[in-house]
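Below: one structure, written as structure tokens.
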Amino acid sequence: PTLAQDDFLYGTFPDGFIWGAATAAYQIEGAWNENGKGENIWDFMTHAYDGGISDNSTGDIAADSYNKYLDDVAALKETGVNFYRFSISWSRILPTGRIDQINQDGINYYNNVINALLDNGITPLVTLYHWDLPQPLQEIGGWLNEEVVDIFGDYANLAFSSFGDRVKSWITFNEPWVQSVLGYGYGGNAPRIVGSGQTDYIAAHNQIKSHARAWHIYDDNYRATQNGEIGITLDSGWSEPKTQSAADIEAAERNMQFKLGWFAHPIFSVDGDYPPVMKEYVARHSAEEGFPVSRLPEFGQTWVDYIKGTSDFFGLNHYTSALAEYSVWEGNWTSYDKDQDVSTSADPSWPSSAAPWLKVVPWGFRKLVNWINNEYNGVRLLVTENGYADLGEINDVDRANYYTSYINELMKAINLDGCNIYGYTAWSIIDNFEWAAGYSQKFGLYSVDFNDPARPRSRKYSAQVYAQIIADNGFPAPAEN
Ligand code: GBH
């Protein structure tokens, strides 16, 4: 299979560019109640009578990485990655979510994973929060309760003190947009709270504060001795104006500010705080709907200053793009999308995948990282996820082509456009529990047989292609003969 793109660029990534692959605890570990682990919001949701999962599955066993992590390490080694991005299950080390009850077995488990990685020459990159809040903290309101900011800080502190002698790269939150908009707005993800345009903004507010709290704890107490770095991972598609009308061009930019700027502007911009256009639009819609104040919470100057600058790198998850157009949503109801005066759609010509939301638009990746580079002053960027959904075939040519074309666009952004990007992460090293889609969509470079209790892994074609890209550090021109 060759890349059917005439704009393919031969070349290699800069020396020292790092390559990785990723997973998240709830999606792979299983062992949901073993050896002292507490219940989290995904355990709770998937066990509910209507768990909201398309194939009625759970992550109770998932890929059983709690028991089979050495298989994962072997797959990572075979792929030749420099680093492995995985997440800690908060309730595995703190069953109640709080610091007064530490589960030593959970600490041991992550020690084993970290040590196995290091023994194999693979650097750990650890995410503290990939959507799996301990259920007891949900019972006090979860991310709607500002008390969780301090509780998250305690958890982060435990992670730094337990693992920071060996873990030198940390991510506080994975995709707070998803946790906020899907978990606390539209309600398709745990904890399934519905309140778009209200509770999603509050959940985001407390996650941003929690992120900053963890960064300051690291900066104050660990950086000097552990010499690591700590950042956040934000997800974003690229929003392309549907037409070249001024209204659509502005709508696409506004959509970027509402999606990525919502979280990035407080942390990475010179001024801090939410994007001005977002404050303006939510305030105006709130007033039109009869709210006495804006539904978007305010940080106040003390928090603005506390949050600003709290990331040592910009972690980016990117999968797809959309067309954005100016559009006013009628009616007296609140929603995060309505607040933007934007509608999005996919171009019918874009190839699809097994995930309805994921269209293959490689050039959008290059535009997105350029947008970030311009918007946030050449910030050091690490791609922390990128990948493709299919039904699980071993000869996964479409995934291999997705990786080749997206990574090629990333290389153009570095070598032709001068973007400051230092690494790339494939999602995912293995097939896993794809949240509300259960096991119906697969993202792995390695297949997992979920019908076999032993959960055997098998290498897919895409893993060979990715391994070759890593070995070559890109796409060197074929030798002439
Ligand atoms: C990432 O999110 C996650 O970090 C990772 O855990 C996940 O496995 C991976 O993507 C693949 O999905 O079904 O219309 O409600 C990427 C951003 C945002 C993409 C939510 C899917 C659901 C759209 N995701 N979106 S919809």
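Exceedance of the 21 Å cut-off in Cα-Cα distance is limited, within the set LYS359/LYS442; LYS37/LYS77; LYS367/LYS412; LYS259/LYS279; LYS279/LYS308; LYS338/LYS367, to LYS37/LYS77; LYS338/LYS367.
Accessible area ranking (1.4 Å probe, heavy atoms, ligands and nucleic acids excluded), largest first, for TRP303, TRP143: TRP303, TRP143. Bridging of LYS168 to aspartates and glutamates at a Cα separation below 18 Å is possible for ASP119, ASP219, ASP220, GLU229, ASP312, once same-chain residues fewer than 8 apart are set aside.
Accessible surface ranking for ARG85, ARG459, ARG166, 1.4 angstrom probe, highest first: ARG459, ARG166, ARG85.
Rolling a 1.4 Å probe over the protein chains gives PHE8 an accessible area of about 50 Å². As a calculated quantity, the FRET efficiency between GLU250 and HIS216 at R0 = 30 Å, using C-beta atoms, amounts to about 0.25. Modelled spin-label separation between ARG459 and ALA477, with each label point placed 7 Å from Cα along the Cα-to-Cβ direction: 3.0 nm. Label-to-label distance, GLN101 versus ARG166, with points set 7 angstrom from Cα along the beta-carbon direction: 2.7 nm. For SER311, the accessible area of its heavy atoms, probed at 1.4 Å with every protein chain present, is near 20 square angstrom. Taken over the C-alpha atoms, region 309-429 has Rg and Dmax values of 16.4, 50 angstrom. Taking the simple approach of a point 7 Å from Cα along Cα-to-Cβ for both TYR49 and GLU147, what is their distance in nm? Going by the 7 Å Cα→Cβ label model, 2.9 nm. What the Cβ-Cβ distance of LEU70 and LEU391 gives, at R0 = 25 Å and to the nearest 0.05, is a FRET efficiency of 0.35. Of the Cα atoms belonging to the chain, the radius of gyration and Dmax stand at 21.4, 74 Å.
Using C-alpha pairs below 8 Å separated by at least 6 residues, the relative contact order for region 353-430 is 44 percent.
Once you list every other residue whose beta carbon is under 10 Å from the beta carbon of LYS442, what net charge do they have if Lys and Arg are +1 and Asp and Glu are -1? Neighbour charge sum, excluding LYS442 itself: -3.
Length gained on full extension, ALA287 to SER327, computed as 0.36 nm times the residue gap minus the Cα-Cα distance: 12.5 nm.
Here the accessible area of the chain is 50 percent carbon and sulfur, with a 1.4 angstrom probe and all protein chains present.
The length gained by stretching the chain between ASN374 and ASN115 to full extension, at 0.36 nm per residue less their Cα-Cα distance, is 89.4 nm.
Only protein heavy atoms count here; under a 1.4 Å probe, GLU146 has an accessible surface of about 90 Å². Contact order for the chain, expressed relative to its length and based on alpha carbon pairs under 8 Å spaced 6+ residues apart, stands at 19 percent.
The values are calculated or read from the model by the stated rules, or taken from the named source; none is laboratory data. From a predicted model like this one, the values you see are computed outputs, not experimental measurements. Every residue, glycine among them, receives a Cβ derived from its backbone with ideal geometry; neighbour counts consider all protein chains shown. With ligands, DNA and RNA removed, areas are computed over all heavy atoms of the protein, side chains included. Shrake-Rupley method; radii C 1.70, N 1.55, O 1.52, S 1.80 Å.
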